[in-house]
Amino acid sequence: MKDLTERALEKVRQLGASYGDIRVVKRASEEIEVKNGKVENLSSDSDQGFGIRVIADGAWGFASSLNLNPDEIDTVAELAVRIARASASVQGAPIELSPVEPAVGSFTAPCKRNPFEAPVEQKIQLLLDADEIMRQVDEIRVAESVMRFWQTDQVFASTEGSYIEQSKTESGIGITATAVSEGEVQKRSYPAAGGEHAQAGYEFVEQWDVIGNAERIAKEAAQLLTAPQCPSDVRTLILESSMLALQVHESCGHPIELDRVFGTEAAYAGTSFLTPDKLGNFRYGSDIVNIVADSTIPGGLGTFFYDDEGVSAQCVDIIKDGTFVGYLTSRETAPQIGQSSSGAMRADGWNRIPLIRMTNINLQPGDWTLDEMIRDTEKGLFAEMVGSWSIDDKRLNFQFATEVAYDIEDGSLGQMYKNPTYTGITPEFWGSCDAIADKDHWRVWGVDNCGKGQPGQTAHVGHGVAPSRFRNVRIGVMEEE
Amino acid sequence: MLGREGLLQILEKALSWSSADQTQVSLGIGQSSLTRFANNVIHQNVSQKNASLTVKAVVGKKIGCVTTNLLDDASVKAAVGHAVQFAHNSAENADFVSLPGPAPAKDVDAYDAQTAEYSPEDRARDVGGMIGEAKRVDAVAAGQLSTAFDETGVANSLGLRAYEPSSKAGLTAVMTTDTGYGYADRVAGRISDFNPMEAAVEAATTSVKSRNPEAIEPGEYDVVLMPYAVAEFLEFMAWLGFGALAVQEGRSFMCGKLGEKIVGQNINIWDDGLDPAGMPRAFDAEGVPTQRVDLINNGVAVGPVYDSYTAGKEGRESTGHCVSVVGTYGPMAANMFMRPGDCSVQEMIADTKRGVLVTRFHYTNVIHPLQVLITGMTRDGTFLIENGEIVKPLMNMRFTDSVLERLSNVDMISKETVRQSWCVAPAIKARGFKFTGVTEF
């Protein structure tokens, strides 16, 4: 492999590039989906290729190909430099990168049991068993269960001397029961909506009790059909942790991406309200809100050894005691705020450029238990599991829906509600956070579908969170029946 | 390019290596390039050459699928073997009837050499021109200009053979003045089908007009929804309910409503993958010829679209709407048309006593699928209309509204349409649109 990467780097040097890197990526995936007692998808995907990124005449160019051979390396290197020169014709100041110490090494993330070696029949049977249990509940019209596995092996080499090999395995599982009646459709999921994922092997799939939870979620979906509509009100809101993971993702993870802040996603995903003048002084949340970007924690979907610019993994303060103190950055953007890269550049495969992406954006645990939080709430709502999400293009005004919610009355959970939603403005919402559950309630959730960029890229990111409480939140927007 | 013969030769070889009862092999191969700009410079500029070969093997009623981008004989043979093994290891799917049989597809002129050969320098020149227009009005431009070509082929063991080359070009422009935003979007099979400068002028003009927005109270307003916003309505309808699987599973708004009026009588929506006004394709992901399907006629739910799996469940033929061999979401209407009206957007504005003009939506998502109740933000040009005139730009607002309910209250439909990736949509004037919040810009 090294002869091919060296060839690419030498070629771009000869062509006059001031910087170049090549990533060779091989990715395999497997997906099994069971729906209503039938295996509707048993598939695998193997994909490999390389991408060459260069700076020539002070501008970026990138070209990629599936054909990993010396001639194609030369062709793609030439195209990358040609593209960079075309970019330079519509370019401002030359690109400058923050320095990075060249790294050489080979790194493999922990995986106890290779999921691709686990028998397919065993995986299918587990999903079929969960499916059958869910369909015992009469109202369940669609029972779905899914497993997903990924294996990614990549080499990064740069004209600055880095040569980094990294391998990782990711696994996920989830079940969903959808109940249907006249004019109504409701669903419940486990362990998380869309499944739960981690950087781990088949042992991760086995740790979740999908069989033991199948009947519960099916019954809850059926109960939701006749549950009252979530009221429209202003209340105390307690979010279960998988829902809070989405809240962190949308209202903190995206607005701290420094490329968004600088407008380079303006035409697609949008920009950010967290402009550089706010760094170090803006009140993002209450005193108890502490958020870090940590790519070093074991098992997170946003965990790695080096990012796709060869910058080492690190833990960075984002929100400290409620104040906004840090961004996710790259080698290009960090110098513009007088910093070095925080190591957040990640690409979705060989045929995409790295972009600033979330790593594991973690809300640090507090000192409450969930029971204490509920007992301490006179009138509120406990909302659970991601339903849907929407937020404006500066990440201020959001409205999220959950699968289910429960009334909190005098410190106890009560009435179940369907179609719960809540809405707010990001800093006001986090400013109203007055309780965060402790480390025993804290876990890292894996999000496998974070979209960004043109052409589109999907990132796997993590969010460590514990259930938390927010005051004076606007809940419910649907008209009551 | 491989050409018809070269591409089908790969598929024939793959079929010959399969021991399954039925086998389908599909291959897409091509190159795509995208030049992205922001802050009035090109900041990302990329190109990729890729392929995707998918083998679907059927043993009895057990199915396995394997996808690879490795096209050498050994890799393709391994993919076929893996798919057959998967099928043997899988469990029966009693609803599966058969892969589709051969049927002649109509010729569609979907390939354009100029688009396929558009160079990095061509794209940079076009982008430079658009940025020049932004600078002319003191705006900052962001967006992308992309070109791509593909060859797609499908073959199966029942004798189906299909091949089609195609090209695609796209453009997005968001222009920003100090406090204003404007937008334009183009998609076509041929780069010559749109004029980047005309799109730049559209975005730049709106970005100037939308400066210094003011907030209004959320509530119910009459709205003029520009075609970009209406296209999003159609896409949600396609996603949530125009597919047969959604109907069969009871999660479609068409469930139990076929033959009934579900929106206003002035609403007509159909899917036609052969109409050159859209993004025509000769056949779907299973190689089945695409055909026109009426979805809503005069407000009445007429019928969903089918792939071979959902059609087999009902003992009917596929309508050619399979969008992916792999996956479980089912067939989709992906070339929709909404019948235009006979008025202009200007006439809609003139007809509005007090209302809001929405250029487009942002980050829209579903709250209730059966009601097609969705929420999202307005973006890139929202204006207050009073007494038949646009009187001021507005800060962006959140809406939470039912698409079905809004399409039941449409007073006017424009003659102008805009082509998007999934549909061709007009502008509409509708009563009682529900704005539920406001943001700070």
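Go through the residues of the range A:180-198 one by one and say whether even a single one is without any contact (Cβ under 8 Å) to a residue 60 or more places away in the chain, of a type in the set (A, V, I, L, M, F, W, C) and touching a Ser or Thr at 6+ places or on another chain (Cβ under 9 Å).
Looking for residues that are without any contact (Cβ under 8 Å) to a residue 60 or more places away in the chain, of a type in the set (A, V, I, L, M, F, W, C) and touching a Ser or Thr at 6+ places or on another chain (Cβ under 9 Å), one finds at least one in the range A:180-198, hence yes.
Does the range A:275-287 include one or more residues that are surrounded by 21 or more Cβ atoms within 10 Å (Cβ to Cβ), over 17 Å from the mean Cα position of the chain (by Cα) and in contact (Cβ under 8 Å) with a residue 24 or more places away in the chain?
Yes - at least one qualifying residue is present in the range A:275-287.
For residue A:63, all conditions in the list (1) among the aliphatic types (A, V, I, L, M); (2) in contact (Cβ under 8 Å) with a residue 24 or more places away in the chain; (3) closer than 11 Å to residue B:46 by Cα hold save one; what is the number of the exception?
(2)
Return the only residue of A:37, A:105 being of a type outside the set (D, E, K, R), over 22 Å from residue B:76 (Cα atoms) and touching a helix residue (DSSP H, G or I) at 6+ places or on another chain (Cβ under 8 Å).
Testing whether each residue is of a type outside the set (D, E, K, R), over 22 Å from residue B:76 (Cα atoms) and touching a helix residue (DSSP H, G or I) at 6+ places or on another chain (Cβ under 8 Å) leaves just A:37.
From the list A:409, A:480, exactly one residue is modelled with pLDDT under 95, outside the structural domain of residue A:186 (by TED's automatic domain parsing), farther than 17 Å from residue B:365 by Cβ and more than 16 Å from the chain's Cα centre (by Cα). Which is it?
On inspection, the qualifying residue turns out to be A:480.
I want to confirm something. Restricting to the range B:378-392 and keeping residues that are within 15 Å of residue B:180 (Cβ to Cβ) and surrounded by 21 or more Cβ atoms within 10 Å (Cβ to Cβ), which single residue is farthest from the other protein chains (Cβ to nearest Cβ)?
The extreme case among them is B:383.
Return a yes/no flag: does the range B:236-253 have any residue that is within 30 Å of residue B:180 (Cα to Cα), surrounded by 18 or more Cβ atoms within 10 Å (Cβ to Cβ), touching a residue at least 60 places away in the same chain (Cβ under 8 Å) and out of contact with any Leu (no Cβ under 8 Å at 6 or more places or on another chain).
Taking every residue of the range B:236-253 in turn, at least one turns out to be within 30 Å of residue B:180 (Cα to Cα), surrounded by 18 or more Cβ atoms within 10 Å (Cβ to Cβ), touching a residue at least 60 places away in the same chain (Cβ under 8 Å) and out of contact with any Leu (no Cβ under 8 Å at 6 or more places or on another chain).
Taking the range B:406-440, which residues are out of contact with any strand residue (DSSP E or B) (no Cβ under 6 Å at 6 or more places or on another chain) and either surrounded by fewer than 17 Cβ atoms within 10 Å (Cβ to Cβ) or on the phi > 0 side of the Ramachandran plot (or both)?
B:415, B:416, B:440
Residue by residue, here is whether (1) out of contact with any helix residue (DSSP H, G or I) (no Cβ under 8 Å at 6 or more places or on another chain); (2) among the basic types (Lys, Arg); (3) part of a strand (DSSP E or B) holds:
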{"residue": "A:7", "(1), (2), (3)": "no, yes, no"}
{"residue": "A:17", "(1), (2), (3)": "no, no, no"}
{"residue": "A:27", "(1), (2), (3)": "yes, yes, yes"}
{"residue": "A:41", "(1), (2), (3)": "yes, no, yes"}
{"residue": "A:60", "(1), (2), (3)": "no, no, yes"}
{"residue": "A:63", "(1), (2), (3)": "no, no, yes"}
{"residue": "A:74", "(1), (2), (3)": "no, no, no"}
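Would you say residue B:20 is more than 8 Å from every other protein chain (Cβ to nearest Cβ), within 29 Å of residue B:314 (Cα to Cα), in a helix (DSSP H, G or I) and in contact (Cβ under 8 Å) with a residue 60 or more places away in the chain?
No: the conditions fail for residue B:20.
From the set of residues in the range A:62-78 that are among the polar types (S, T, N, Q) and surrounded by fewer than 22 Cβ atoms within 10 Å (Cβ to Cβ), which is nearest to the other protein chains (Cβ to nearest Cβ)?
A:67
Quick test for you: out of A:53, A:113, A:13, pick the one residue that is outside any loop (DSSP other than H, G, I, E, B) and surrounded by fewer than 22 Cβ atoms within 10 Å (Cβ to Cβ).
Of the residues listed, the single one that is outside any loop (DSSP other than H, G, I, E, B) and surrounded by fewer than 22 Cβ atoms within 10 Å (Cβ to Cβ) is A:13.
Could you list, in sequence order, all residues of the range B:89-140 that are small (Gly, Ala, Ser), more than 11 Å from chain A (Cβ to nearest Cβ), part of a helix (DSSP H, G or I) and surrounded by 14 or more Cβ atoms within 10 Å (Cβ to Cβ)?
Passing the criteria: B:116, B:134.
State yes or no: is residue A:310 away from chain B (no Cβ under 14 Å) and farther than 15 Å from residue A:258 by Cβ?
In short, yes.
Can you pull out the strands (runs of 3 or more DSSP E) entirely within the range A:377-479 that have at least 1 residues that are facing another protein chain (nearest Cβ under 9 Å) and among the charged types (D, E, K, R)?
A:468-475
Could you tell me whether any residue of the range A:85-94 is more than 7 Å from chain B (Cβ to nearest Cβ) and surrounded by fewer than 18 Cβ atoms within 10 Å (Cβ to Cβ)?
Yes - at least one qualifying residue is present in the range A:85-94.
Okay, residues lined up against (1) part of a strand (DSSP E or B); (2) of a type in the set (Val, Ile, Thr); (3) over 22 Å from residue A:107 (Cα atoms); (4) touching a helix residue (DSSP H, G or I) at 6+ places or on another chain (Cβ under 9 Å):
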{"position": "A:296", "(1), (2), (3), (4)": "no, yes, no, no"}
{"position": "A:301", "(1), (2), (3), (4)": "no, no, no, no"}
{"position": "A:304", "(1), (2), (3), (4)": "no, no, no, no"}
{"position": "A:310", "(1), (2), (3), (4)": "no, no, no, no"}
{"position": "A:335", "(1), (2), (3), (4)": "no, no, yes, no"}
{"position": "A:340", "(1), (2), (3), (4)": "no, no, yes, yes"}
{"position": "A:343", "(1), (2), (3), (4)": "no, no, no, no"}
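Please state which one of B:109, B:95 is within 24 Å of residue B:322 (Cα to Cα), of a type in the set (D, E, K, R), over 27 Å from the mean Cα position of the chain (by Cα) and at pLDDT below 95.
The unique qualifying residue is B:95.
On the given criteria, is residue B:367 in contact (Cβ under 8 Å) with a residue 24 or more places away in the chain and at the interface with chain A (Cβ under 9 Å from one of its Cβ atoms)?
The answer is yes for residue B:367.
Could you pull out the residue among B:355, B:341 that is away from chain A (no Cβ under 14 Å) and either in a strand (DSSP E or B) or surrounded by fewer than 17 Cβ atoms within 10 Å (Cβ to Cβ) (or both)?
So the residue among B:355, B:341 that is away from chain A (no Cβ under 14 Å) and either in a strand (DSSP E or B) or surrounded by fewer than 17 Cβ atoms within 10 Å (Cβ to Cβ) (or both) is B:355.
The values are calculated or read from the model by the stated rules, or taken from the named source; none is laboratory data. The structure displayed is predicted, hence computed values, not measured ones. Note that we place each Cβ from the backbone using ideal geometry, even for glycine, and neighbour counts take in every protein chain shown.
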